[in-house]
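Chemist: Here it is: the structure, laid out below.
The values are calculated or read from the model by the stated rules, or taken from the named source; none is laboratory data. What you are looking at is a predicted structure, and each value in this text was computed from that prediction instead of being measured. Cβ: placed from backbone, ideal geometry, glycine included. Neighbour counts: every protein chain shown. Calculation scope for accessible area: heavy atoms of the full protein, side chains included, ligands and nucleic acids excluded. Shrake-Rupley method; radii C 1.70, N 1.55, O 1.52, S 1.80 Å.
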Amino acid sequence: MREHIDEPVAEAVIRWRTAEQGGRRSGPPTAPVYMATAVFAPGDAHISVLIEQLDEREDGSRTCKVDFLVRELARHVLVPGARMLVMEGPRVVAEAEVLVVRAG
């Protein structure tokens, strides 16, 4: 298990779905670095994503560091404002909006 994302490729705001909305029954992940799959648009390839929470915002969303196991797979769509779905198997458990993209 990873403890930190040292050089994230981006930061994003993530809104975790509730269990009633089809999200995780246990709520947002508690692991230091959560690993899942992500898609930027329905039908796109699934990309392995790494997420580390930075803080919780007043509206319940969370600011997070984001990275990918293979960054090149996300480069073409990774821009500020891009929307990403976080998946656990076929289920969407969260939606994210990219805030900042870093070089690297």
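Chemist: Whole angstrom only: what separates the Cα centroid of the stretch 11-44 from the Cα centroid of the stretch 81-104?
Modeler: 8
Chemist: If you don't mind, another one. With the crude spin-label approximation of a point 7 Å out along Cα→Cβ, what separation in nm comes out for Ala103 versus Thr18?
Modeler: Distance between the two pseudo-spin positions: 4.4 nm.
Chemist: Per residue, how much accessible area does the chain have with a 1.4 Å probe, in Å²?
Modeler: Details: 5980 Å² over 104 residues.
I get 58 Å² per residue for this part.
Chemist: Calculate what fraction, in whole %, of the accessible area of the chain sits on carbon and sulfur atoms when a 1.4 Å probe is rolled over the protein chains. Spell out each step's value before the answer.
Modeler: Working: 3060 of 5980 Å².
Heavy-atom surface of the chain belonging to carbon and sulfur, 1.4 Å probe: 51 percent.
Chemist: Give me the percent relative contact order of the chain, please, defined on Cα pairs under 8 angstrom at least 6 residues apart. Each step should come with its number before you reach the end.
Modeler: Details: 226 pairs, mean separation 37.7, N = 104.
About 36 percent, as a whole number.
Chemist: If you take every residue apart from Glu3 with its C-beta less than 15 Å away from the C-beta of Glu3, what net charge results, scoring Lys and Arg +1 and Asp and Glu -1? Present the calculation step by step, with values, prior to reporting the outcome.
Modeler: Numbers: positive: Arg2, Lys65; negative: Asp6, Glu7, Glu52, Asp67.
Spelling it out: positives minus negatives among the neighbours equals -2.
Chemist: Can I ask one more? For every other residue with a beta carbon closer than 10 angstrom to the beta carbon of Pro80, add +1 if it is Lys or Arg and -1 if Asp or Glu, then tell me the sum. Intermediate results must be reported in sequence, preceding the final value.
Modeler: Details: positive: none; negative: Glu11, Glu97.
With Lys, Arg at +1 and Asp, Glu at -1, the neighbours total -2.
Chemist: Label-point separation (nm) for Glu3 and Met35, each offset 7 Å from Cα along Cα-to-Cβ?
Modeler: It is 1.7 nm.
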